[in-house]
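Only one structure is covered here, and it is reproduced in the block below.
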Amino acid sequence: NAGVTQTPKFQVLKTGQSMTLQCAQDMNHNSMYWYRQDPGMGLRLIYYSASEGTTDKGEVPNGYNVSRLNKREFSLRLESAAPSQTSVYFCASSEVTVDQPQHFGDGTRLSIL
Amino acid sequence: RKEVEQDPGPFNVPEGATVAFNCTYSNSASQSFFWYRQDCRKEPKLLMSVYSSGNEDGRFTAQLNRASQYISLLIRDSKLSDSATYLCVVNPNQGGKLIFGQGTELSVKP
């Protein structure tokens, strides 16, 4: 079972470059999420999509855009990468009901020079 | 005040020890609660959900006290393989979002 799949797993960018992180889930979940994790900061929500066709800002949305392409896919775009966006990015999905946990992809390690 | 606060850690314990992690949350409307485990910056993985009546899964016991807005995780007979960071996670009932604590690191030594 694939679960939540993220691509790429590693990426190095130069300041000002753009890129899109891809996420797909095969669990037929309605909700999908993008987090970043930095040392000492824990997981912080960037954007989420409660259902296909909707997206909302999380705690740290600045510098990012998202697209919920269909029920399976939720992408995160950095339009002009900055060194402060160096982080580990996790995508997650869940059912929308309140008592359901989130399932995570194995992360994208992004370095911006 | 942070929405979810955990013991700062790290906890260094010998094999076989019993260790307890504590967590408090600020939003009294929170509906569901979880403990996740994360190894070496890999993805967080669900360890167990936390129910009002308390629940147990093998060596792991989770407790919830809604009145005190407090969650705990007890690990008995610690194994080397339990070494990880344990994340307290709260669903504040805001569209499926989860709020993660910063995590408590556990290191189990031989």
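The values are calculated or read from the model by the stated rules, or taken from the named source; none is laboratory data. Computed from a prediction, not measured in an experiment: that's the story for all the values here. Cβ: placed from backbone, ideal geometry, glycine included. Neighbour counts: every protein chain shown. Quick note on the areas: whole protein, heavy atoms, side chains included, nothing else; ligands and nucleic acids left out. Shrake-Rupley method; radii C 1.70, N 1.55, O 1.52, S 1.80 Å.
Among the conditions (1) open to solvent by less than 10 Å² (accessible area, probe 1.4 Å); (2) more than 21 Å from B:GLU3 (Cβ to Cβ); (3) more than 11 Å from chain B (Cβ to nearest Cβ), the only one that A:TRP34 does not satisfy is (2).
One residue is enough: does segment B:57-67 have a residue meeting the conditions open to solvent by 50 Å² or more (accessible area, probe 1.4 Å), assigned to a loop (DSSP other than H, G, I, E, B), within 14 Å of chain A (Cβ to nearest Cβ) and of a type outside the set (Asp, Glu)? Before the answer, list the steps.
If we filter segment B:57-67 for residues that are open to solvent by 50 Å² or more (accessible area, probe 1.4 Å), which is where we start, we get B:57-59, B:63, B:65-67.
Now narrow it down to the ones that are assigned to a loop (DSSP other than H, G, I, E, B): B:58-59, B:66-67.
Filter once more, so that each one left must be within 14 Å of chain A (Cβ to nearest Cβ): none.
Checked segment B:57-67: no residue is open to solvent by 50 Å² or more (accessible area, probe 1.4 Å), assigned to a loop (DSSP other than H, G, I, E, B), within 14 Å of chain A (Cβ to nearest Cβ) and of a type outside the set (Asp, Glu).
Strands (runs of 3 or more DSSP E) fully within chain A that include at least 2 residues being under 13 Å from the mean Cα position of the chain (by Cα) and under 21 Å from B:GLN102 (Cα atoms): A:31-38, A:42-49, A:87-94, A:108-112. For A:VAL12, indicate whether it is closer than 21 Å to B:GLU3 by Cα, more than 10 Å from chain B (Cβ to nearest Cβ) and of a type outside the set (Phe, Trp, Tyr). Spelling it out, it is not the case that A:VAL12 is closer than 21 Å to B:GLU3 by Cα, more than 10 Å from chain B (Cβ to nearest Cβ) and of a type outside the set (Phe, Trp, Tyr).
From the list B:VAL90, B:VAL50, the one residue that fits, being aliphatic (A, V, I, L, M), within 23 Å of A:ASP56 (Cβ to Cβ) and either open to solvent by 20 Å² or more (accessible area, probe 1.4 Å) or in contact with a strand residue (DSSP E or B) (Cβ under 9 Å, 6 or more places away or on another chain) (or both), is B:VAL90.
When B:LYS109 is tested against (1) at pLDDT 95 or above; (2) at positive phi, just one condition goes unmet, and that condition is (2).
Only one of the numbered conditions (1) more than 13 Å from chain A (Cβ to nearest Cβ); (2) closer than 15 Å to A:GLY42 by Cβ; (3) among the hydroxyl-bearing types (Ser, Thr, Tyr) is not met by B:SER78, and that is (2). Comparison of A:GLU73, A:GLU52 shows that the only residue that is in contact with a Ser or Thr (Cβ under 9 Å, 6 or more places away or on another chain) and among the charged types (D, E, K, R) is A:GLU73.
Total residues in segment B:32-53 satisfying the condition of being touching a residue at least 24 places away in the same chain (Cβ under 8 Å) and among the small types (Gly, Ala, Ser): the figure is 1. Return yes or no: is B:GLY54 at pLDDT below 90 and either aromatic (Phe, Trp, Tyr) or closer than 30 Å to A:SER87 by Cβ (or both)? No, not satisfied. From the set of residues in segment A:82-112 that are more than 15 Å from B:PRO44 (Cβ to Cβ) and within 7 Å of another protein chain (Cβ to nearest Cβ), which is surrounded by the most Cβ atoms within 10 Å (Cβ to Cβ)? Here the answer is A:VAL98.
With the requirement that a residue be open to solvent by 20 Å² or more (accessible area, probe 1.4 Å) and farther than 19 Å from B:GLY16 by Cα, what does segment B:101-110 give you? Answer for segment B:101-110, where residues must be open to solvent by 20 Å² or more (accessible area, probe 1.4 Å) and farther than 19 Å from B:GLY16 by Cα: just B:GLN102. Show the residue pairs that are 6+ apart or on different chains and have beta-carbon atoms under 8 Å apart, the first residue being within segment A:48-61 and within 9 Å of another protein chain (Cβ to nearest Cβ), the second being hydroxyl-bearing (Ser, Thr, Tyr) and open to solvent by 40 Å² or more (accessible area, probe 1.4 Å). Correct list of pairs: A:TYR48/A:THR55.
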